[in-house]
1. I'd like to know how region 65-123 sits against the 2.2 N^0.38 Å rule of thumb: what's its Cα Rg over that expected value?
2. By its C-alpha gyration tensor, with a ≥ b ≥ c as the square roots of the eigenvalues, how is region 124-186 shaped: rounded for a/c under 1.5, else prolate for a/b larger than b/c, else oblate?
3. Evaluate the charge dipole of the chain about its Cα centre and quote only its size in Debye, nearest 20, assuming +1 on the Cβ of each Lys and Arg and -1 on the Cβ of each Asp and Glu.
4. So how far apart, in nm, are the two label points at T58 and Q81 if each is 7 Å from Cα heading toward Cβ?
5. For the chain, please report how many Lys pairs fall under 25 Å Cα to Cα, leaving out neighbours fewer than 8 apart on the same chain.
6. State whether region 1-57 is rounded, prolate or oblate according to the following rule on the C-alpha gyration tensor (a ≥ b ≥ c being the square roots of its eigenvalues): a/c under 1.5 gives rounded; otherwise a/b larger than b/c gives prolate, and the remaining case gives oblate.
7. Compute the orientation-averaged projected area for region 94-225 from the convex hull of its Cα atoms and round it to one decimal in nm².
8. Just to confirm a number: summing +1 for Lys and Arg and -1 for Asp and Glu over residues other than K153 whose beta-carbon lies under 15 angstrom from that of K153, what do you get?
Amino acid sequence: MRVIGKSDVGMVRKENQDAFWSEQLDARTSIAVVCDGMGGAHGGQEASTLAIASLKNTLLHLKPNEKINAVFDHAIKECNQAVYTESQKNDELSGMGTTLVLALVKEENCYVVNVGDSRAYHITNGSINQITKDHSAVQELVDSGHITERQAKIHPNKNVITRAIGIGDEIEYDFFEVSVSSGDIILLCSDGLSNYVDENEIQFEVSGGEFDDLAIRLIHLANSRGGTDNITVTAIQV
């Protein structure tokens, strides 16, 4: 099992408000997280950094026989409360929040949580599938049949999210469980990648180069197309 992660400020932004954590916890377990912060001059960076720190505090103490869904529920609620409490204490950070996508691969199972529009993909046997569904205004329009997936890619409100860590004292999240096999890749990214690089291109980069520099290649591709947002990629190879 191997783990990679990289974040880049992009070609336009002056500050990187993304944060990530990727680590192999033991021979059979790896974790990856991507957070894309938002709010105020420094609020986004504070929110994403605080969210990662809170998750580490909870998940690095994961016990072998604990139920993953229960651990995730506790971790996400603690994370949300940490960001929300800090935003209430400091006027300059008021309203800050962050997306979150988290994947834990343990043996032949992958557990995923997401809040917002940062994504998780499962790449296996030459195919790629998006595990998560964006919590966004545009995704709601797609789901209701008002616009198509193609129209969603160029919709003016495509960056408006409907859920985020830290914007309220309660949080809703989605939980997924997928089976994985040797050689599979679980890839997480912020929308700085997914807005510029589609699924087929991600799959092409996976099949066309070394895993160790996959994140670098994908970030370079997003930057070559404008890079107007921060770009973060993490991945676990089973």
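The values are calculated or read from the model by the stated rules, or taken from the named source; none is laboratory data. Bear in mind that the values here come from a model prediction, so they are computed numbers and not experimental data. Note that we place each Cβ from the backbone using ideal geometry, even for glycine, and neighbour counts take in every protein chain shown. Note: areas computed on protein heavy atoms with side chains; ligands, DNA, RNA excluded. Shrake-Rupley method; radii C 1.70, N 1.55, O 1.52, S 1.80 Å.
1. That ratio works out to 1.37.
2. Oblate, since a/c reaches 1.5 and b/c is not below a/b.
3. Numbers: 19 positive and 35 negative charges, 36 e Å.
Computed charge dipole of the chain: roughly 180 debye.
4. 0.9
5. Eligible lysine pairs with Cα atoms under 25 Å apart amount to 24.
6. Numbers: a/c = 4.74, a/b = 1.80, b/c = 2.64.
Oblate is the answer for region 1-57, as a/c is 1.5 or above yet b/c matches or exceeds a/b.
7. The directionally averaged projection comes out at 9.4 nm².
8. -4
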